[in-house]
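The values are calculated or read from the model by the stated rules, or taken from the named source; none is laboratory data. Remember, predicted model here, so these are calculated numbers, not experimental data. Here the Cβ is made from the backbone with ideal geometry for all residues, glycine too, and neighbour counts use every protein chain on show.
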Amino acid sequence: RKEVEQDPGPFNVPEGATVAFNCTYSNSASQSFFWYRQDCRKEPKLLMSVYSSGNEDGRFTAQLNRASQYISLLIRDSKLSDSATYLCVVNTGRRALTFGSGTRLQVQP
Amino acid sequence: DGGITQSPKYLFRKEGQNVTLSCEQNLNHDAMYWYRQDPGQGLRLIYYSQIVNDFQKGDIAEGYSVSREKKESFPLTVTSAQKNPTAFYLCASSITGAGLAKNIQYFGAGTRLSVL
């Protein structure tokens, strides 16, 4: 079983739609969680950290469910510019982060 | 501007050749990392360094070597022993110490390596 698993997609949604991604992790001792965004042929960039209480940044909401070992990302009112690959990232207790393979989002006009 | 600079952006390797990818940061971060990304895949950790003159193997270190002689620099050498080097190589850095911020990694723009 992979340490961090994501549905690769692609998720094809119209502009204005709400879309949600889930990510599961295998190590129950994981301490920190993040969503990174990666545009085609570019480097990953931090989108948001994920806190136990859940957190929101504009149209983006991240949730953590420790009991079920998953994190989620909700995007409301999707824009064309949201089209990208979203990477779920977990600190599994080692010194470096573990990255999921990413979920591709394509927002269509 | 503070950031991480990787060079070159594109690199071609001949059979049997060693090549070195450069990574420099001016963020005053103690920790630095090298990842490899293959098409449609996630990032896989090659090597990381928490402090100058010390580094650790990641999940796929075979065929690669690194050095950390200066805080700002963490070059990666892809040796001839790496039989499938074609990939997108990403360098990252982070702070160390307590707190959630220590786990946030910032990335350079990457180097695309291809075999001639």
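So which strands (runs of 3 or more DSSP E) stay within region B:2-112 end to end and still have 2 or more residues that are within 21 Å of residue A:36 (Cβ to Cβ) and touching a strand residue (DSSP E or B) at 6+ places or on another chain (Cβ under 8 Å)?
B:4-7, B:19-25, B:31-37, B:43-51, B:87-94
Please enumerate the residues belonging to region A:16-46 that are of a type in the set (Phe, Trp, Tyr), under 20 Å from residue A:107 (Cα atoms) and more than 9 Å from every other protein chain (Cβ to nearest Cβ).
A:21, A:35
Which of the residues spanning region B:3-35 are within 18 Å of residue B:63 (Cβ to Cβ) and among the aliphatic types (A, V, I, L, M)?
Answer for region B:3-35, where residues must be within 18 Å of residue B:63 (Cβ to Cβ) and among the aliphatic types (A, V, I, L, M): B:11, B:19, B:21.
Looking at region A:74-83, is at least one residue in contact (Cβ under 8 Å) with a residue 12 or more places away in the chain, assigned to a loop (DSSP other than H, G, I, E, B) and within 10 Å of the chain's Cα centre (by Cα)?
no
Working only within region B:18-41, note down all residues that are closer than 18 Å to residue B:103 by Cα and either buried (at least 16 other Cβ atoms within 10 Å of the Cβ) or within 13 Å of another protein chain (Cβ to nearest Cβ) (or both).
Matches in region B:18-41: B:25, B:29, B:30, B:31, B:32, B:33, B:34, B:35.
Residue-by-condition table, conditions (1) in contact with a helix residue (DSSP H, G or I) (Cβ under 9 Å, 6 or more places away or on another chain); (2) modelled with pLDDT of 95 or more; (3) under 22 Å from residue B:103 (Cβ atoms); (4) away from every other protein chain (no Cβ under 14 Å):
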{"position": "A:14", "(1), (2), (3), (4)": "no, yes, no, yes"}
{"position": "A:53", "(1), (2), (3), (4)": "no, no, yes, no"}
{"position": "A:58", "(1), (2), (3), (4)": "no, yes, no, yes"}
{"position": "A:61", "(1), (2), (3), (4)": "no, yes, yes, yes"}
{"position": "A:72", "(1), (2), (3), (4)": "no, yes, yes, yes"}
{"position": "A:91", "(1), (2), (3), (4)": "yes, no, yes, no"}
{"position": "A:98", "(1), (2), (3), (4)": "no, no, yes, no"}
{"position": "A:106", "(1), (2), (3), (4)": "no, yes, no, yes"}
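Can you name the residue in region B:5-56 that is among the basic types (Lys, Arg) and at pLDDT 95 or above and, of all such residues, is nearest to the chain's Cα centre (by Cα)?
Taking the candidates together, the pick is B:36.
Mind listing whichever residues of region A:35-51 are buried (at least 19 other Cβ atoms within 10 Å of the Cβ) and modelled with pLDDT of 95 or more?
A:35, A:36, A:37, A:38, A:43, A:44, A:47
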